Amino acid sequence: MTDHVDFVIEQWANAMPELDASSMAIFGRMLRIMKHLTKARADALAPFHFRDGEFDVLATLRRAGPPYCLSPTQLYKSLLITSGAMTNRLNRLEEVGSIQRVADPDDKRSMLVALTEAGREKIEQALLVHTQTQRDLLATLNDDQQQQLQVLLSLLMQTTEAQR
């Protein structure tokens, strides 16, 4: 069975036989899969009307556990975004009632970001849809294959992040 990446690699073999394009077999597929996954995720989450990155903010707060509250710094470091991008997301989420800013009980000069009840309900519903979408996308792989893929991707991610 061949796919578009096989076609691209064959084209490179013909166009530049001296080029070792074997890495494209992996990275080309990962990039194409990510495009499909990004679209599937967006389609699945569309009914929740999230703007860019809002799902991730709410999910980060929810997985923090009760009282579902973190500092803006903890949030932007967790999500690997700038503080400016985080501020924009928080402003929008506060506007729609998904989060509220509360005084930090340990430092009266600081604010924390907390999920509202409406925000908690919304992210929990979205997470059910999101994880089902992921399971559906992985359904072509059996449990052993999924475990093997998980291990290999984890190894590649750890190596890549260590080099940054």
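The values are calculated or read from the model by the stated rules, or taken from the named source; none is laboratory data. Just so it is clear, the model here is predicted, and its values are computed rather than measured. As a convention, Cβ positions derive from the backbone with ideal geometry for all residues, glycine included, and neighbour counts pool all protein chains shown. Just the protein is used for accessible areas: all its heavy atoms, side chains included, with ligands, DNA and RNA removed. Shrake-Rupley method; radii C 1.70, N 1.55, O 1.52, S 1.80 Å.
Observations, loosely collected:
- For the chain, the solvent-accessible area works out to 71 Å² per residue, with a probe of 1.4 Å and every protein chain left in place.
- Amide proton proximity set for L112, modelled H, under 5 Å, gap of 5+: V102, A103, D104
- Candidate aspartates and glutamates for bridging to K77, where Cα separation is under 19 Å - those fewer than 8 sequence places away on the same chain excluded: D52, E54, D56, D104, E161
- Net charge over other residues, Cβ less than 10 angstrom from the Cβ of G97 (K, R count +1; D, E count -1): -2
- Annotation: amide H of I99 within the under-5 Å range of E94, T116, sequence separation 5 or more or interchain, hydrogens built in the peptide plane.
- The chain, helix-only ellipticity at 222 nm - DSSP H runs n ≥ 4, -39,500 (n - 2.57), divided by all residues, nearest 500: -21500 deg cm²/dmol
- For segment 103-114, Karplus couplings with θ = phi - 60° (6.51, -1.76, 1.60), whole Hz, Gly/Pro x: 5, 6, x, 8, 8, 4, 7, 10, 10, 10, 10, 10
- Relative contact order (%) - criterion: Cα under 8 Å, at least six apart; region: the chain: 18 percent
- Using θ = phi - 60° in the Karplus curve 6.51 cos²θ - 1.76 cosθ + 1.60, the 3J(HN,Hα) couplings for segment 69-81 round to 9, 9, 7, x, 5, 4, 5, 5, 5, 5, 8, 6, 10 Hz; x is entered for Gly and Pro.
- Within a straight-line Cα-Cα reach of under 23 Å, K39 can be paired with the following lysines, leaving aside sequence neighbours fewer than 8 residues apart in one chain: K122.
- Derived scalar couplings ³J(HN,Hα) [segment 23-39; Karplus, 6.51 cos²θ - 1.76 cosθ + 1.60; whole Hz; x for Gly, Pro]: 5, 5, 4, 8, 5, x, 5, 4, 5, 5, 4, 4, 4, 5, 5, 4, 5
- Sorting 72-80, 52-60, 101-109 by average packing, meaning the other beta carbons within 10 Å per residue, from highest down gives 52-60, 72-80, 101-109.
- For segment 6-93, the mean projected area of the C-alpha convex hull, equal to one quarter of the hull surface, is 8.4 nm².
- Counting protein heavy atoms only, segment 31-164 has 55 percent of its accessible area on carbon and sulfur, 1.4 angstrom probe.
- Principal axis extents of the Cα atoms in segment 51-91, from largest to smallest and rounded to whole angstrom, are 26, 20, 17.
- Orientation-averaged projected area, Cα convex hull of segment 23-154 (nm²): 9.8 nm²
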